[in-house]
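Chemist: Below is a structure I'd like to ask you about.
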Amino acid sequence: DGDGTVDAEMVVLTPAYFDGGSTHVCGYPVTLSFDAAGLITELIYDCDDIGTQTVQLYVTDINGNQSFCETFIDVIDDNEVDICNTGGLVSVGGTIENQYENDVEEVMVNLTGDDNLQDMTESEGDYMFGNMPMGGDYVVVPEKNDDVMNGVSTLDLVLIQKHILGLQSLDNPYDMIAADINRNEEITALDLIELRKVILGIYEEFPNNTSWRFIDELHSFSNPENPWIETLPEDYTITSLSDNMLINFVGVKTGDVNGSVVSNLQGISSETRNIDEFSFEMPKQIKNDEGIIRIPVYSGELTSIDGFQMSLSFDNDIEFEGLVSGSINMTGSNYHQKESYVNIVWHSTSGIPHIVSSNDTPLFYLIVKQKENWTNNMVDLSTIGIDNEIYTSRGVQKLKLEFRNKDEELLVFSVAENVPNPWNEKTMVEINLVSNQDVTLKVYDLAGQLLEKRTNFYNAGRHKLIITDQFLSSSGVYLYEIQVGEEIVQNKMILMK
């Protein structure tokens, strides 16, 4: 028929079907055949050959030079009278979209059963298995396990943490499925750990999960707040295929709970981003006396921070040694060093934004080994690591790096976020003093009423301040304030009695 299909009861296929009858290429005579020896010049198909048939077409010139191409032909019986007595042929197909109705491309859809077939979705998210004989049993199984970082960022850690603490629940079952990183049908701190390792680049794929999961579009969640109360239908079983079937799936990108995944060539994302930039600041220079340099990193403005991620590249002569807490708590789990850059990820473990009350107090410190004095041209944001971005009350902002004339020796003290948070009975705040100082601790309720105040003298170095629930009558959010000289740092904490 000229469209790749041929009506049967008996079909004789010749090379002329493909080249329009020509036996010349650029004016030179050639021989066309269906085998390399040039002996098969026709193929015969009948009712036994209904379906897709692979065809190899060879061309040979007078000097024996030869090439071939491979194509296919669909033999069908679509006559008004069913001359082959096949009972007819039907198709199985559908569309795969995410919950935001964006098409998902490059999904391998497997049709297993009497025949084992595969079809990959293109940018429109469609798949199709045509000319299927009726009566067969099949299972439709979509799968996709690539591009693990697509749609995944530290903002997802922020939102999952808030869900775990009950501060801001994920509002639909697909987001909850996406947050189940380790696929154990619940959302816990273990999911945060595995997702953070993916973002940092420690994992190149999810150890216990696939990059995408696919749920039958017709599935109705009996309890949207617990999508695992029944088995998730991640495939579709066909028993005795008897008619054309349209089977759609909803694609869920593992780890993406804020809709930032780009699912097709059109680059559609449901995430809203702020075009504003946010600055982290470092000193332009620091004197180096002992070979180990502690570089303070400041917030460029007074604000509240839910989290951030950044990738730093250093001069070749510098050895990165790690991070030290400032007003936010930093541990070895917050960074991962690759060959040419360091990825750094932080989010508030309390689910409450970190309030930057003074831009003279470092958020954290970079520890590097360097023979010479530190200068600002020795570090920059990397373009090959994770995206450099921060999450504030203004939304997702692009993170940039600036330098100012401020030496670390001018700092008075630093304060880490209290741990644990939320807490019961007691929590601990770690401070780091540059010199011997009086330290005042105050605790307030959200109405601003002072509930506790104490002042003690401490020597230079690290100290742990313990806060108990002795003066706090009930569960809730409280403010604690640390004052050294004229410098004040204030943070929020959650008491759960």
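The values are calculated or read from the model by the stated rules, or taken from the named source; none is laboratory data. Not measured: the values here are computed from a predicted model. Heads up, the Cβs are rebuilt from the backbone with ideal geometry, glycines too, and the neighbour counts pull from every protein chain shown. Side chains are part of the model used for accessible areas, which takes the heavy atoms of the whole protein and leaves out ligands, DNA and RNA. Shrake-Rupley method; radii C 1.70, N 1.55, O 1.52, S 1.80 Å.
Chemist: Out of curiosity, is G395 more than 14 Å from E281 (Cβ to Cβ), free of Cβ contacts under 8 Å to residues at least 24 places away in the same chain and open to solvent by 10 Å² or more (accessible area, probe 1.4 Å)?
Modeler: No: the conditions fail for G395.
Chemist: Okay, next question. Could you list, in sequence order, all residues of the stretch 113-125 that are farther than 15 Å from M245 by Cβ and outside any loop (DSSP other than H, G, I, E, B)?
Modeler: Matches in the stretch 113-125: Q118, M120.
Chemist: With the stretch 287-391 as the region, which strands (runs of 3 or more DSSP E) entirely inside it contain at least 3 residues that are free of Cβ contacts under 8 Å to residues at least 12 places away in the same chain and open to solvent by 50 Å² or more (accessible area, probe 1.4 Å)?
Modeler: Passing ranges: none, list empty.
Chemist: Ok, one more. Is there any pair with a first residue in the stretch 470-495 that is without any contact (Cβ under 8 Å) to a residue 24 or more places away in the chain and more than 24 Å from Q437 (Cβ to Cβ) and a second that is open to solvent by 60 Å² or more (accessible area, probe 1.4 Å) and not hydrophobic (A, V, I, L, M, F, W, C) whose Cβ atoms are under 8 Å apart and which are 6 or more apart or on different chains, and what are they?
Modeler: These pairs meet every condition: S474/K497; S475/K497.
Chemist: Next up: Considering only residues that are farther than 25 Å from I494 by Cβ and either part of a loop (DSSP other than H, G, I, E, B) or among the aliphatic types (A, V, I, L, M) (or both), look in the stretch 160-198 and name the one that is most open to solvent (accessible area, probe 1.4 Å).
Modeler: E185
Chemist: Of the residues in the stretch 444-497, how many are within 35 Å of the chain's Cα centre (by Cα) and of a type in the set (K, R)?
Modeler: Total satisfying the criteria: 1.
Chemist: Is it true that D180 is modelled with pLDDT of 95 or more and either at positive phi or more than 13 Å from the chain's Cα centre (by Cα) (or both)?
Modeler: no
Chemist: Only one of M128, M132 is surrounded by fewer than 17 Cβ atoms within 10 Å (Cβ to Cβ) and in a strand (DSSP E or B); which?
Modeler: M128
Chemist: Can you confirm whether the stretch 449-465 contains a residue that is touching a residue at least 60 places away in the same chain (Cβ under 8 Å), closer than 17 Å to T361 by Cα and in a loop (DSSP other than H, G, I, E, B)?
Modeler: There is no residue in the stretch 449-465 that is touching a residue at least 60 places away in the same chain (Cβ under 8 Å), closer than 17 Å to T361 by Cα and in a loop (DSSP other than H, G, I, E, B).
Chemist: Here's something else I'd like to know. Could we say that I305 is of a type in the set (V, I, T) and touching a helix residue (DSSP H, G or I) at 6+ places or on another chain (Cβ under 9 Å) here?
Modeler: Judged against the criteria, I305 is not a match.
Chemist: Among the aliphatic types (A, V, I, L, M), buried (at least 20 other Cβ atoms within 10 Å of the Cβ) and not in a loop (DSSP other than H, G, I, E, B) - does that describe any residue in the stretch 215-227?
Modeler: yes
Chemist: Separate question: Quick one: is M428 open to solvent by 70 Å² or more (accessible area, probe 1.4 Å) and either in contact with a His (Cβ under 8 Å, 6 or more places away or on another chain) or touching a residue at least 24 places away in the same chain (Cβ under 8 Å) (or both)?
Modeler: When the stated conditions are applied, M428 does not pass them.
Chemist: From (1) part of a loop (DSSP other than H, G, I, E, B); (2) within 19 Å of D360 (Cβ to Cβ), pick out the condition that doesn't hold for S474.
Modeler: (2)
Chemist: Further, regarding this structure: Considering only the stretch 135-146, how many residues are of a type outside the set (V, I, T) and surrounded by 15 or more Cβ atoms within 10 Å (Cβ to Cβ)?
Modeler: Counting residues in the stretch 135-146 that are of a type outside the set (V, I, T) and surrounded by 15 or more Cβ atoms within 10 Å (Cβ to Cβ) gives 5.
Chemist: Six or more apart or on different chains, Cβ atoms under 6 Å: show the pairs whose first residue is in the stretch 53-72 and at negative phi and whose second is among the small types (G, A, S) and open to solvent by 50 Å² or more (accessible area, probe 1.4 Å).
Modeler: What qualifies is Y58/A36; V59/S67.
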